[in-house]
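So the structure is just underneath, and the comments pick up after that.
All of the numbers you see were taken from the coordinates with simple rules; none came from a lab. A quick note: this is a predicted structure, and the numbers were derived from the prediction, not measured. Cβ atoms come from the backbone with ideal geometry, glycine included; neighbour counts cover every protein chain shown.
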Amino acid sequence: MMLPRRRFLLAPLLAMRLKGEEPVSAGDVDRLHQAIREARPGDTVVMGDGVWANADIRFEAEGAADSPISLRAQTPGNVVLTGASRLRLAGRHLVADGLLFRDGWAEPDVIAFRTSSTRLASHSRVTRCAIVDYSPPDATRDSKWVSIYGFRNRVDRCYFAGKTNLGTTLVVWLPTSGEPNYHWIERNHFGPRRLLGVNGAETIRVGDSATSLQTSMTVVEFNYFERCNGEIEIISSKSCENIYRANTFFECEGTLTLRHGNRCLVDANTFLGGGRGQTGGVRVIGEDHRVVDNYFEGLAGTGNRAAIAMLSGIPDSPLNGYFQVKRALIAHNTVVHCARPLAIGVNDGTRPLAPENCLIANNLFSGTRPVLVELIDPQSRIEWDTNLFHGAPVGLAGVEPVQLPLERGPHGYLQPGEGSAAEGAALREFAESRLDLLGRERPRPADIGCMQLGGAPAQRSRVSAWDTGPEWLER
């Protein structure tokens, strides 16, 4: 996807370190680095508008919590890094703001939160930046666009689109120390990524197989994923105790996959398939995951790409294998007009361990396809509590669908009307579902499904292309 070209200022390139009223200019990357070296907490180094070709920028400095050091574009979006340009950050309390990468490619990373294996960035931020169509001509070359190392870093309000080669768009690397890294990925727009046809084209990956039993505590929230079709794993969670909250997945031919690791929370996300083939929802693998308050509509995928797919595991699984699903909580989700709302025990014939000790409660499943629940492995040990099924046959012995007409609510979601069987029918309460999809407190007893019917005004809305990514980007 090509970004609309802009007119650039004809002034010579410059970089300035703003300190009081005494800017210091630099006409090239060497002088830019000099300004960075001289920067002190609270200073801002400004890159002048224009094209910066083959600029290998090392943003290595030490800011302070209340006075970070910033590297920013003179005009956001008008500092264009091309060729083999890349940005590397190291130190603490740094902010990179308003840069655009296009018309080139870099490896192993375009933006990395480190300058070497021992010099990392922490408490630092990349904001309002964009990487567009920045891929090598050889699609088999593996490169990452953003690699996050260190601790408590943030990537927000950025735009990433058009990656065509092997490698994750944005990857979180866990520290060898085993400590949680507490990164924050929010309000970004992940634009179209075409199908690569092989494994290794995730949009986001948090961890890897080797570190998958470590705790990361990364938060991925309020992002917009638009037709991210690189492979089946749009997000590949490969670590423990991460939160995936309030993101929107629009016509993405893949799933949010809890691939390795345990105790992750998938909360208040919106999955809109538009009937496109291979669009999916959430894949659950591992222990103690919670999938709550999510909305799924128009997903065409089945099996691994079902709206909610609970996979079977293998005995004594290696770190890169399939761990058995245990003690999963699937609660207060709404699934409508999906080809396969719920698949339990998804298996390729080589995984004998069915999900066990899982609880499925307070969900609303509605559709017209052959069955609402595909119980693939009858050995699955599932507790069912107060779910509502509407439309097609349920697929569970002795359970019949109910009359539950749906209507499009004021926030764009299909939901039952007030006074329906869903209202006030939830028999159990869950701490994870204290708020509904729209951020409202649930009363006691709560309604079935992802949102309360009527009542208090919404505290949050579905994210879109217009409230994510940099405000300067023309879309």
* Which value at 222 nm does the chain reach when only helices count, each DSSP H run of 4 or more adding -39,500 (n - 2.57), with the total divided by all residues and rounded to the nearest 500 deg cm²/dmol? -> -500 deg cm²/dmol
* Asked: On a 0 to 90 degree scale, rounded to 10, what angle separates helix 29-38 from the longest Cα axis of the chain?
  -> 80 degrees
* Asked: Can you give me the Cα centroid spacing of the stretch 396-445 and the stretch 45-77 in angstrom?
  -> 48 Å
* Average Cα contact separation per residue, the stretch 344-475, under 8 Å, 6 or more apart, as relative contact order % -> 19 percent
* Principal semi-axes in Å for the chain [√(5λ), Cα gyration tensor, largest first] -> 43, 23, 20
* Asked: Does anything in the stretch 40-55 have its amide N under 13 Å from the 7 Å Cα→Cβ label point of residue 67, and if so which residues?
  -> 40-44
* Using only Cα atoms, figure out Rg for the stretch 327-475 and give it as a multiple of 2.2 N^0.38 Å. => 1.17
* Structure fact -> Given backbone amide H placed at 1.01 Å from N, residues whose amide H is under 5 Å from that of residue 271, ignoring those fewer than 5 places away on the same chain, are 249, 295, 296, 297
* **Residue order, fewest to most beta carbons within 10 Å, for 145, 184** => 184, 145
* Rough spin-label spacing in nm, given labels placed 7 Å along Cα→Cβ, for residue 408 and residue 142 -> 4.5 nm
* Number of Lys pairs (Cα under 27 Å; 8 or more positions apart or on different chains) in the chain -> 4
* Structure fact -> Fewest-first ordering of 203, 44, 257, 118 by Cβ atoms within 10 Å yields 118, 44, 257, 203
* Mind listing the long-range amide H neighbours of residue 90? Cut-off is under 5 Å, sequence gap 5 or more, other chains count too, H placed in the peptide plane at 1.01 Å from N. => 59, 60, 61
* To do: Quick one: which residues, 5+ away or cross-chain, put their amide H under 5 Å from the amide H of residue 111? H built at 1.01 Å from N.
  => 87, 146, 147
* Can you run phi through the Karplus equation (6.51, -1.76, 1.60; θ = phi - 60°) for the stretch 399-404 and list ³J(HN,Hα) in whole Hz, with x for Gly and Pro? -> 10, 10, x, 10, 7, 8
* Structure fact -> Computed ³J(HN,Hα) along the stretch 426-434: with the Karplus parameters 6.51/-1.76/1.60, θ = phi - 60°, integer Hz and x for glycine or proline, the list is 6, 8, 10, 10, 9, 4, 5, 10, 4
* Structure fact -> Relative contact order as a percentage, the chain, C-alpha pairs under 8 Å and 6+ apart, gives 8 percent
* Rounded to the nearest 0.05, what FRET efficiency is calculated for residue 210 and residue 182 with R0 set to 22 Å and r the Cβ-Cβ distance? -> 0.65
* Structure fact -> Given a Förster distance of 35 Å, the FRET efficiency implied by the Cβ-Cβ spacing of residue 397 and residue 461, rounded to the nearest 0.05, works out to 0.30
* **residue 327-residue 350 FRET efficiency (beta carbon distance; Förster radius 35 Å; 0.05 resolution)** => 0.90
